[in-house]
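Taking it in order: structure first as structure tokens, then the write-up.
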Amino acid sequence: MKKHGKILPALLLVLGLAVLGGCSDENSSDDPNKGGADGVTATTKEPEFGGSIVVGITQDLDSLDPHKARSAGTEEVLFNIFEGVVKPDKDGNLVPAVASDVVIAEDGMSYTFTLREGVKFHNGELVTAEDVVYSLKRCAGLLETSDPEVKVTSALSCISEIEASADAAGKSIVTITLSEANTELLGYLTGAVIPKDYDRQTEAPVGTGPFRFVSYSPLQSFVVEKNPDYYGTPAYLDKVTFKISADTDAAFMELLAGGIDIFPYLTSEQASQLTENYNIAVGTTNLVQGLFLNNAEKPFDDIRVRQALCYAVDRQEILDIVADGKGTLIGSNMYAGFAKYFNGDLVNTYEYNPDKAKQLLADAGYPDGFDMTITVPSNYQFHVDTAQVIVEQLKKVGIRAEIKLIEWTSWVNDAYRGRQFQTTVVGLDANLAPSDVLKRYQTTASSNFLSYSNEEFDRIFALAVAESDDAAKIAYYKQLQEILTNDAASVYIQDPASYVAVGKKLAGYTFYPVYVQDMSKVYYVKQK
Amino acid sequence: MRYYVKKIVSLIMVLFLIMLLTFLAFQVIPGDGAVSRLGVDAEPEEIEALREALGLNKSLPERFFRFLGGAVRGDFGMSYQYSRPVSELLAARLPATVGLAAVSILMICIISVPLGLLCARREGGFADRAVTLLTQTLMAVPAFFLGMIITFLFGVVLKWFSPGGYIPPGESFGKYLHYMIFPAAAISIPKIAMTVKFLKTSVLRERKLDYVRTARSKGNTERAVLWRHVLRNALIPVITFMGMVIADVLAGSIVIEQVFNLPGVGRLLVVAIGNRDYPVVEAIVVYIAAIVLTVNFIVDILYQRVDPRVRIK
């Protein structure tokens, strides 16, 4: 027995150290089991002003300057502190923000903005027409000195002039004149309004949004606080900390321990494990997920092969396996959330039919199938899982597919920009303009990584962009989707479901049809 | 003296080679800082302009020597991704990594030496068999897996710490240490297991030698023989081993920082490689290499202190 006496203390030393540390911790303050019932996004509950929350994100911000930020992960966070002349609402409409009124000329050749009076930047200064002109010019690449890091929106290249003036009542006016007609430019004019010639935007960003910047430490956190001078509906919360986690797994551990209040990137499996302490909000990711085919590469240059692939992929099975059946099936390159333009008739054009697929393959000269590679960026587990299901499905029609995992930057460089790939599974996102969703299919578009080419598509696309009549525009865009489906440009799978864990004490989380994590609508539910 | 000069010259040569290899590795992998920074839908002209601004269009040797010139002066340039000086980024992350390594090494020393001696003294006893079984098992567990178990057990179930939490030492040193202990345990437990086994074998080997019998016959107690005579000799191979362990701990901390979400140098390195943030990667690689080389240098000197017979020529 003596021997035990000596070994135990030694063995427990590690544990002992841990216990000592454990005492100084103070995470007992919130019991997530209390309060909150069902319905996360319902706004019927009585909100309470004040409080602070931690929102988990898994990507570091690529820049704090809104015009330099490229990644969707950054844009969705910066939405809280910046606004453009217009900004998207939860239904996908563009609503006035810094501008109080917009007039688009009948001929689609000019846009006139009346600026809202009394809008203040976070530094206390009033927004002037010069600031707006400066911001728009910076986004359009029209400033005299250009910073190579600033993202120049290519769609704005049709702008010939941006001018400030005043109307009869003395209100500030900003007028944009175009060199060619375009009636859907508004979707690209959401770029942040920032103070003119303020050069510390990357360190201490200044905007006009419902929250203002507090601090940022790379790979750790981005903190914002309520903007007390906000002209619109004020935020409920006093402070929001966006905590940057290494990956979804690390964040999931933090969720289990209750260290994060809101986390937007869960898998369906993770979501189902969190129901005890969190409400799970389900929305859409607004992506076009597909098995994208390199139309210039053999054998995918043959329409029969592409159609065979469409018939051979059982999209419903993919949904069931990788996403618990959640998600919206699509049949062309448009996500269902963009309801106005979504062509629902195309969803079932290629109903799962392996026999038809085999027949088409035989017609194309591949009765025994062929070998192909699916290149997938390894950081997107969801797409990797999807690709695995596809590999199994393709086996049934004799196609031997192999998954090649590559790292994200390599994917961007080789597959996307270099077009060196056969097929790939990714999700494509877009701006709030139908042309932005479809523009990559134009023969000469630099983003046409599929090397798709169809003269009819190019012709109708040009008509659609210039059309000012809404009904005609919608008809054009639906027709464009139909062309893509008929050509089987790629295998369009789904608009994946998005699972968001929201602490049980919170409510008001709102889904947007674009990448946005709007924290100004989130609030603590008043306890009775 | 000549020895030290020789040692330092070879140290510098190795560092130079490491920098060169890292630099070349970045030429081979697809994509560069400009492509990564500007993302998917940048126009080719935009990428070209940023390449020009970042100096990525200059010739290979020119870029390397420009970098080298800066590095010698301690200036690693600006991060492509964060547009901040690399040294500033690195300085902000050092506390987490250095603390993690220090606590890990401390834990290894404090725990493995008594345990190893205990096993050697009571060879074949219950304690020895229990510890041997435990070390055999723990040696086989990878640190990242242990990290996940620790996070789950102590963070999620017992709530002794909040996973993903970190407090900078400047804010509260106690809390900082608290957050270091759990990841440090994940790194050190497999290493402790190895060190215990190593030390035990080494002590047992020494105890069979003649000088031990002499020491005993002079009337020394068993404890005195062990601590004063055997341990000193047994430590020589252990010190060499510890030198390797320290290098391992640094490498291990890269993975563990990821698991525990610590804002350390390791996580910065992983992110920087993904972003092709070459100046940051190069600086971190140099930093890690410098530490490993320095530790080896110190081990050599310690060697001589413990065993004066070892003469360094």
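The values are calculated or read from the model by the stated rules, or taken from the named source; none is laboratory data. Because the structure is a prediction, the values reported are computed rather than measured. Quick reminder, even Gly has a Cβ in these numbers, built from the backbone with ideal geometry, and neighbours come from all protein chains shown. Side chains included, ligands, DNA and RNA excluded: accessible areas come from the protein's heavy atoms. Shrake-Rupley method; radii C 1.70, N 1.55, O 1.52, S 1.80 Å.
Considering only residues in region A:412-425 that are within 20 Å of A:PHE300 (Cα to Cα) and open to solvent by 20 Å² or more (accessible area, probe 1.4 Å), the one that is nearest to the other protein chains (Cβ to nearest Cβ) turns out to be A:ASP414. Just one residue in the set B:ILE167, B:ILE181 is under 25 Å from the mean Cα position of the chain (by Cα), surrounded by 15 or more Cβ atoms within 10 Å (Cβ to Cβ), within 14 Å of chain A (Cβ to nearest Cβ) and in a helix (DSSP H, G or I); that residue is B:ILE181. Picking from residues in region B:98-111 that are of a type in the set (A, V, I, L, M, F, W, C) and buried (at least 19 other Cβ atoms within 10 Å of the Cβ), the one that is nearest to A:LEU61 (Cα to Cα) is B:LEU100.
Summed over region B:243-259, residues that are open to solvent by 10 Å² or more (accessible area, probe 1.4 Å) and more than 25 Å from B:ILE29 (Cα to Cα) total 5. In summary, A:VAL214 fulfils each of the numbered conditions (1) closer than 23 Å to A:VAL95 by Cα; (2) open to solvent by 50 Å² or more (accessible area, probe 1.4 Å) with the single exception of condition (1). A single member of A:LEU78, A:LEU64 is under 32 Å from the mean Cα position of the chain (by Cα), modelled with pLDDT of 85 or more and within 10 Å of chain B (Cβ to nearest Cβ), and it is A:LEU64. A:LEU428 passes every criterion in (1) open to solvent by less than 40 Å² (accessible area, probe 1.4 Å); (2) modelled with pLDDT of 90 or more; (3) more than 14 Å from every other protein chain (Cβ to nearest Cβ) apart from (3). Put simply, of B:GLY174, B:GLY219 the only residue that is open to solvent by 10 Å² or more (accessible area, probe 1.4 Å) and either in contact with a strand residue (DSSP E or B) (Cβ under 7 Å, 6 or more places away or on another chain) or within 30 Å of A:THR248 (Cα to Cα) (or both) is B:GLY174. For B:ALA49, state whether it is more than 33 Å from the chain's Cα centre (by Cα), of a type in the set (A, V, I, L, M, F, W, C), within 27 Å of B:VAL286 (Cα to Cα) and open to solvent by 30 Å² or more (accessible area, probe 1.4 Å). So B:ALA49 does not fit the description; no. Residue check: is B:VAL259 in contact with a Phe, Trp or Tyr (Cβ under 7 Å, 6 or more places away or on another chain), outside any loop (DSSP other than H, G, I, E, B) and either modelled with pLDDT of 85 or more or facing another protein chain (nearest Cβ under 10 Å) (or both)? Answer is yes for this residue. Filter region B:99-111 for residues that are more than 13 Å from B:ILE187 (Cβ to Cβ) and more than 8 Å from every other protein chain (Cβ to nearest Cβ) and give the result. Across region B:99-111, the qualifying residue is only B:CYS109. Considering region A:366-376, the residues that are touching a residue at least 40 places away in the same chain (Cβ under 8 Å) and of a type outside the set (A, V, I, L, M, F, W, C) include one that is most open to solvent (accessible area, probe 1.4 Å), namely A:TYR366.
Looking across region B:68-97, the residues that are surrounded by fewer than 21 Cβ atoms within 10 Å (Cβ to Cβ) and either of a type in the set (Val, Ile, Thr) or assigned to a helix (DSSP H, G or I) (or both) come down to B:LEU68, B:GLY69, B:GLY70, B:ALA71, B:VAL72, B:SER87, B:GLU88, B:LEU90, B:ALA91, B:ALA92, B:LEU94, B:PRO95. Of all residues in region A:482-528, exactly one satisfies the criterion of being hydroxyl-bearing (Ser, Thr, Tyr) and in a helix (DSSP H, G or I), namely A:THR485.
Out of A:ASP345, A:ASP320, one residue alone is surrounded by fewer than 21 Cβ atoms within 10 Å (Cβ to Cβ), of a type in the set (Asp, Glu) and within 29 Å of A:ALA472 (Cα to Cα). It is A:ASP345. Within the span defined as region B:153-160, every residue fails to be among the hydrophobic types (A, V, I, L, M, F, W, C), more than 7 Å from chain A (Cβ to nearest Cβ) and crowded, with 19+ Cβ neighbours inside 10 Å.
Of the residues B:GLY252, B:GLY219, B:GLY243, the single one that is modelled with pLDDT of 80 or more, away from chain A (no Cβ under 14 Å) and at positive phi is B:GLY219. Being at pLDDT 85 or above, out of contact with any Leu (no Cβ under 8 Å at 6 or more places or on another chain) and more than 7 Å from chain A (Cβ to nearest Cβ) is the filter here; which residues of region B:40-51 pass it? Answer for region B:40-51, where residues must be at pLDDT 85 or above, out of contact with any Leu (no Cβ under 8 Å at 6 or more places or on another chain) and more than 7 Å from chain A (Cβ to nearest Cβ): B:GLU48, B:ARG51.
The combined condition, being closer than 19 Å to A:ALA433 by Cβ and assigned to a loop (DSSP other than H, G, I, E, B), is fulfilled by A:VAL152.
Take the conditions (1) open to solvent by less than 40 Å² (accessible area, probe 1.4 Å); (2) in contact with a Phe, Trp or Tyr (Cβ under 7 Å, 6 or more places away or on another chain); (3) without any contact (Cβ under 8 Å) to a residue 60 or more places away in the chain; A:ALA336 misses just one of them, which is (3). How many of the residues making up region B:112-137 are assigned to a helix (DSSP H, G or I) and open to solvent by less than 50 Å² (accessible area, probe 1.4 Å)? Summing the residues that are assigned to a helix (DSSP H, G or I) and open to solvent by less than 50 Å² (accessible area, probe 1.4 Å) in region B:112-137 gives 14. Of all residues in region A:437-473, those satisfying the criterion of being open to solvent by less than 40 Å² (accessible area, probe 1.4 Å), not basic (Lys, Arg) and not in a loop (DSSP other than H, G, I, E, B) are A:VAL437, A:LEU438, A:TYR441, A:PHE457, A:ILE460, A:PHE461, A:ALA464, A:VAL465, A:ALA472. When region B:52-67 is filtered for residues that are within 13 Å of another protein chain (Cβ to nearest Cβ), in a helix (DSSP H, G or I) and open to solvent by 50 Å² or more (accessible area, probe 1.4 Å), the ones remaining, listed by number, are B:GLU52, B:ALA53.
Of the residues making up region B:22-39, those that are within 14 Å of chain A (Cβ to nearest Cβ), loosely packed, with under 15 Cβ neighbours inside 10 Å, in a helix (DSSP H, G or I) and of a type in the set (A, V, I, L, M, F, W, C) number 2.
In region A:95-136, of all residues being assigned to a strand (DSSP E or B) and touching a helix residue (DSSP H, G or I) at 6+ places or on another chain (Cβ under 8 Å), the one that is most open to solvent (accessible area, probe 1.4 Å) corresponds to A:ILE104. Just to be sure before I move on: is B:GLY147 at the interface with another protein chain (Cβ under 9 Å from one of its Cβ atoms) and part of a helix (DSSP H, G or I) in the structure I sent? Considered against the rule, which asks whether it is at the interface with another protein chain (Cβ under 9 Å from one of its Cβ atoms) and part of a helix (DSSP H, G or I), B:GLY147 comes out as no.
Looking only at residues in region B:272-288 that are in contact (Cβ under 8 Å) with a residue 60 or more places away in the chain and surrounded by fewer than 22 Cβ atoms within 10 Å (Cβ to Cβ), the one that is farthest from the other protein chains (Cβ to nearest Cβ) is B:VAL286.
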